[in-house]
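The next block holds one structure in the form of structure tokens; read it before the comments.
A short reminder: the numbers here are calculations on the coordinates, not readings from a lab. Not measured: the values here are computed from a predicted model. Positions of Cβ are generated from backbone atoms using ideal geometry, with glycine treated the same way; all protein chains shown enter the neighbour counts.
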């Protein structure tokens, strides 16, 4: 049983989805899907324990050993990402679609859970597999499920957002496919470890350069790295808030994982930073994302859109961490994967609470909610403090590592820029705080908190973002180890 | 209880008090009782630590290790002891005063007020006890955030604007400069621990060291060194007890305390003095002292005048640190206590006048000495202490600062100190003069009683702190003995 | 480089560009999906052409037959999966178009944007009135 954990990690949610379709009954599906999600999370925790204890776990699917067969390969890096994805999934899934959406009729809620589980399975698959074509397949599974989830939003604009997400996402996915094709052409293998072994001999070939370019852009679209982020704001704004919470916390994170795998495991930093020298390019893009994303967030009138642009900005921090190619930088980028998932997930859920009670997420309609819904708004404010990077929140941990990495690299101006951009977060967070606490409530403002079904997951995520702001063994500790492993392999 | 536990208790008590205040929010008398009891207990636990610190012990308590090599930990040394005593001791008096003021002024949301007040004290004590730069920064930021609701307490447009300036400047400086400096220090020195003699000597060269010092000096926005001082006048929209305890004592002193601590334990005064790294800082501090004093003379709003006076007086402490001579550091440290006692009295008086007569402007104070004799006598005493006239506390710290400037062969700064004393006469004494020697503008109190003091709970605390200014004059040798280990004496 | 000898790549590139252009330039959502399909098909052709070995024959192993050169079957197999993915994307895309047509009454991009803008202005107006 234990040795089959890697495959169960994927198979359970993947098979759980069609079972949801068979169950159909509302209560039964909810219980079943929740059980599946938590089971997945438990497996992820078990795997990370095993990896910490014994090192890398390799699982040959169907007994076919790589490079002939497909293998699942879990090291600390993907164990970390898998835990984040399945953890957030397990917390967000039970909220269900009905609480704030009007599009899903109660009798068809089972479809939501099925799509949710599929999305989760796809994301986990991308993270766990050691076969690069398998990555493409799982990427598309998760994306297809994500398009449908986004389309469930309660405004008709959700449909258009989902459509442009689909177009952009498919272009991204296809670019990845082209890149994989070139790699296969040059090496004759699809196994990542094998690729890493065979690629160095042909790194000078133009086809390999082309492969890297296609993969970088393809993954960049999925990651919503500036300037390939256009699909993200609409998708997150019009999706049901719980879906935004899940996608913001996981989908881009998995794409980030993929980018790390490509750069460090498959191509190697010698090629990416040495021969191609894309570090400065990456830094410029990251800085642009950090500042333009934050400035755009400041100018939004809708809370969800504000958070979406804030995500664009936060993704900039992650790619910046990657660009240093150092342990501190990678640790910062990786730990921000978990930290941002907690903060942004929690904040989107807080918005879900607001939408559930007021039916709107316009910032102007938040007036006085600090007094009417104190628990919700406190959660939002604490998450916001995390985005600013105030000490005792997780945001501080990420910022610390990133600035340290910049100083280590002797890039004082960059270090300064990171700090300044985090202050922009203070501006957009404070705009919301002032409206919520210092303006008189509207006549129509609700009395009383959001339902506990929403409030509890919100506070679980926000509470975790405070807990991991002090006790960092499980986040930064593991991220640092993973970063060291990754860099060792890359050398 | 061991000393280490006492450290935890001293920070934990106000936090527990916060919960107590929230829990008893519906019964104001009980709630204020909780605040007072917690304040007294907190002061008692801080006081208990004094003998061992005087005896040379350094109680330490480890909290957590968020980064490899950088822990959250407490370690009490003399400077922190002094600051903790001042902050926790004055909290008791301020709590008394706050009860009188908040009720006399019919302020709303009093539960929120007292709750955040207690958290702020916990944060201030955390700053005082911090064993390293990380801990210092964490509690420094916490102090900024939990005083924000106090600054914006009234929720008016003016309060919100003031809160924005407050948070904007303090967060910007601390994140962009202070945090940057801390990380830079960590990278260069390999440690963030406060170590007697400093951790930077030999690790960083001339210009870079001066830049680092600048990042600290301006990054610690709470020290209100010009040009990053705007937040302090902006914070004056807060209720008087907040201005009194937080913006004359806990918050601003957290700033200058940090500057002193960094000079002594991170740079080391020998390192600073040998490299002449802090000369520019002396001139910046001197400019801050003089310019703020001049602005204070021109302000008609009483609280604004006091705020600029604070900026000027904070410059003294930064100057003491920048001089990097033993007498300068001792004078700076001592001035934390002396100025705290004097300025809190002045703010108490300003609040009392507001409560009793609803006057906020200096030009309206003609003849009020007859209506509020206790308040105005206390005001006069505290003013004399700020000016630095014996037998009041302020005279000692100025003496040591002047001595420090002379030791460093920098006569110019002795002159600056004298000039600033003259200026402080110019902005404080006219108020006393108006109150006692000018006829009341409203005629000789045609209606109402001749005596119109603020509520008893306002007047008693301000008399206590005025008396405290006198007492500090006689306690100065003990304070000097406490601070002596800082400079290796 | 022998450009003519790489003619299959030119076909792939031409198809890909036509697909891209259709996706960007066409207003009609269904046509966008068609562009998307062309785009995907071009990649499938690219893979299939990768597997071709000069002079190779279909990779069917016949017992006892003389050793022959086979084309590489793996890319073809991969493309079975890719085709399935493509069909799924098309299905979801078309389903979305149907829903959009139902919700907006049109599937022309420009008209949709027009309607959304009007919606937004209306909402802002309603809010403005609500605030008085």
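What the table below lists for this structure:
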{"item": "Using a Förster distance of 25 Å, the FRET efficiency for residue A:484-residue B:4 (Cβ separation, nearest 0.05)", "result": "0.15"}
{"item": "Theoretical gain in end-to-end length, residue B:270 to residue B:474 [0.36 nm per residue, Cα-Cα removed]", "result": "70.4 nm"}
{"item": "Shielding of C:24-31 by partner chains, average beta-carbon count, 10 Å", "result": "1"}
{"item": "Point-to-point label distance, residue C:17-residue C:106, nm (Cα→Cβ direction, 7 Å offset)", "result": "3.2 nm"}
{"item": "Over the protein assembly as shown, volume per residue of the alpha carbon convex hull, in Å³", "result": "184 Å³"}
{"item": "Reference-scaled alpha-carbon Rg (2.2 N^0.38 Å with N residues) for segment A:278-491", "result": "1.05"}
{"item": "Simple label model, 7 Å out from Cα along Cβ direction - residue B:301 to residue A:24, nm", "result": "7.0 nm"}
{"item": "Relative contact order (percent, whole number), chain B, Cα cutoff 8 Å, 6+ residue spacing", "result": "15 percent"}
{"item": "Kirkwood-Stokes translational diffusion coefficient of chain C, alpha-carbon pairs, 20 °C, 1.002 mPa s, µm²/s", "result": "115 µm²/s"}
{"item": "Over segment B:235-308, relative contact order from alpha-carbon pairs under 8 Å, at least 6 apart, %", "result": "23 percent"}
{"item": "Distance in nm between pseudo-label sites at residue B:425 and residue B:211 (7 Å out along the Cβ direction from Cα)", "result": "4.5 nm"}
{"item": "Value of relative contact order over segment B:278-489, rounded to a whole percent, pairs C-alpha under 8 Å and six or more apart", "result": "29 percent"}
{"item": "Cβ crowding within 10 Å averaged over residues, with A:461-468, A:176-183, A:249-256 ranked highest first", "result": "A:249-256, A:176-183, A:461-468"}
{"item": "Radius of gyration and Dmax over the Cα atoms of chain A, both given in Å", "result": "21.3, 70"}
{"item": "Chain B: C-alpha pair distances exceeding 41 Å, %", "result": "13 percent"}
{"item": "Geometric extent, Cα atoms of segment C:1-62 - Rg, Dmax (angstrom)", "result": "15.3, 52"}
{"item": "Efficiency of FRET between residue B:106 and residue A:42 - r from beta-carbon atoms, R0 41 angstrom, step 0.05", "result": "0.15"}
{"item": "Per principal axis, descending, Cα span of segment B:1-276 in whole Å", "result": "59, 46, 30"}
{"item": "Order of B:91, A:231 under a 10 Å beta carbon neighbour criterion, fewest first", "result": "A:231, B:91"}
{"item": "Ranked by how many other beta carbons lie within 10 Å on average, peptides B:222-235, A:11-24 from highest", "result": "B:222-235, A:11-24"}
{"item": "Gain in span if fully extended, residue A:371 to residue A:299, counting 0.36 nm per residue against the direct Cα distance", "result": "23.4 nm"}
{"item": "Overall dimensions of segment A:183-306 by Cα: Rg and Dmax, Å", "result": "17.1, 53"}
{"item": "Which of B:105, C:8, A:340 has the fewest Cβ neighbours within 10 Å, and the rest in rising order", "result": "C:8, B:105, A:340"}
{"item": "For segment B:278-489: Kirkwood Rh in Å [reciprocal of mean 1/r, alpha carbons]", "result": "17.5 Å"}
{"item": "Cβ crowding within 10 Å averaged over residues, with B:123-130, A:385-392, A:44-51, A:479-486 ranked highest first", "result": "B:123-130, A:385-392, A:479-486, A:44-51"}
{"item": "Structure-based [θ]222 nm, chain A - -39500 (n - 2.57) summed over DSSP H runs of at least 4, per residue, nearest 500", "result": "-24500 deg cm²/dmol"}
{"item": "Percent breakdown of C-alpha pair distances by 5 Å bin, ordered from the shortest bin, for segment C:37-92", "result": "4, 18, 23, 17, 13, 10, 7, 5, 2, 0"}
